[in-house]
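These notes concern the structure reproduced below.
The values are calculated or read from the model by the stated rules, or taken from the named source; none is laboratory data. The structure displayed is predicted, hence computed values, not measured ones. Cβ coordinates were reconstructed from backbone atoms using ideal geometry, including for glycine residues, and neighbour counts include every protein chain displayed. Calculation scope for accessible area: heavy atoms of the full protein, side chains included, ligands and nucleic acids excluded. Shrake-Rupley method; radii C 1.70, N 1.55, O 1.52, S 1.80 Å.
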Amino acid sequence: NDCQVIPNTYLYEMQDGNELDDSPFVILRKLLKTNPKATHTIIINKNSLQKAYKVLAFWELTADPRIKVVDRFTEAHMRTLLTAETVITNAMIFSDIFVKRVRQRFVNTWHGTPWKKMGYAMPGGVMGSWNVIRTLMMTDLLVMPNTYTAKIFNRDYRLAGLYQGKISTFGYPRNDVFFEKLSERQLTTLEKDYRNGQSTILYAPTWAGDASSAGDATDELTKYLHTLVTLSQHFSTYTIRFKPHSYFTE
């Protein structure tokens, strides 16, 4: 109660602090232009700090005084969580820690279109959905990529008739990158670091099932390996990039 909510402050957490990407990061970059007086705190796990700073450098934001990167689960993290006027995430947030305060706004962009069972539609979904439902019930603005996804969330997380926030289906901010022109420096960086003159295949499977660690999902990991081996055999002249779901990165 001693920590007052500070106007024009934003906190961002993406994929449990493992990433600096997706729609929340696009919103941050947009706000830097449209709301130049706002300040932004990005929550990142220690083992992802180097990757996060590389992303900031790509967008020439490393030295921007309005942006602060904070280690996850530190005192600075908790203090910012208490005082940020707007909290933005693309998943669940802090499990049993975060409780939105009266003067706070909570924006959840989620992170994909569900071509799989979710919520109550999953085996064991009644017990497994508690944290997602708890998070959604605190959400003031739920950003959906399309009406199909909004329908799935309303049905499979039992939001219909209970959810008090706003559901927007104007599309994902992250997709704006396909319509924005990158600078010559950014294009050169992408070519040098990721293509190097070769055609490139990106394999980026989503998370499937209930496992939240690699030890619980040997079948899933075996499938990834089989796919990568098959790609390398059939496309030997290509650069193959693999981006697993953050649960499987380690």
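Here is the list for segment 152-242: trypsin sites (Lys or Arg not before Pro) lying in DSSP coil, each with at most 13 other C-beta atoms within 10 angstrom of its C-beta, are Lys181.
Dipole of segment 158-249 computed with +1 at Lys/Arg Cβ and -1 at Asp/Glu Cβ about the Cα centre; of Leu202, Pro244, Ala160, farthest Cα towards the positive end is Ala160.
Estimated from the Cβ-Cβ distance and a Förster radius of 51 angstrom, the FRET efficiency linking Gln233 and Arg29 is about 0.85. If a/c stays under 1.5 just call it rounded; otherwise compare a/b with b/c (prolate if a/b is bigger, oblate if not). Do that for segment 116-250, with a ≥ b ≥ c from the square roots of the Cα gyration tensor eigenvalues. Oblate, since a/c reaches 1.5 and b/c is not below a/b. In segment 101-250, the DSSP beta bridges split such that about 0 percent are antiparallel, to the nearest 5. Were the residues from Thr113 through Tyr203 laid out at 0.36 nm apart, the gain over their Cα-Cα distance would be 30.7 nm. Computed over the chain with a Gaussian network model linking Cα atoms closer than 10 Å, the most mobile of Ala150, Ala204, Ala38 is Ala204.
Counting only DSSP beta bridges with both residues in segment 1-154, the antiparallel share comes to about 5 percent. Result for the chain in a Gaussian network model with C-alpha springs under 10 Å: among Ser236, Ser129, Ser168, the largest mean-square fluctuation is at Ser236. By accessible area, using a 1.4 Å probe on protein heavy atoms only, the chain has 56% of its surface on carbon and sulfur. Fraction of C-alpha pairs exceeding 22 angstrom in segment 86-170: 19 percent, rounded to a whole number. Under the combined filter of DSSP loop state and at most 13 neighbouring Cβ atoms within 10 Å, segment 98-143 retains these chymotrypsin sites (Phe, Trp or Tyr not before Pro): Trp115. Bridging of Lys30 to lysines at a Cα separation below 22 Å is possible for Lys51, Lys54, Lys68, Lys166, Lys181, once same-chain residues fewer than 8 apart are set aside.
With the simple spin-label model, which puts each label point 7 Å out from Cα in the Cβ direction, the Val126 to Asp140 separation comes to 3.5 nm.
For the chain, the 222 nm mean residue ellipticity estimated from helices alone, with every DSSP H stretch of n ≥ 4 adding -39500 (n - 2.57) and the total spread over all residues, rounds to -9000 deg cm²/dmol. Find the relative contact order for the chain and round it to a whole percent, using C-alpha pairs within less than 8 Å whose residues are 6+ positions apart. Worked out over the chain, it gives 17 percent. Once Kirkwood radius over Cα pairs in Å is worked out from the coordinates, which option in (i) 18.6; (ii) 20.6; (iii) 19.9 does it equal? Correct label is (iii).
Within the listed set Thr80, Thr39, Thr218, the Gaussian network model of the chain (springs between alpha-carbon atoms below 10 Å) gives the highest mean-square fluctuation for Thr218. A straight line joining the Cα centroids of segment 21-51 and segment 119-147 runs 24 Å.
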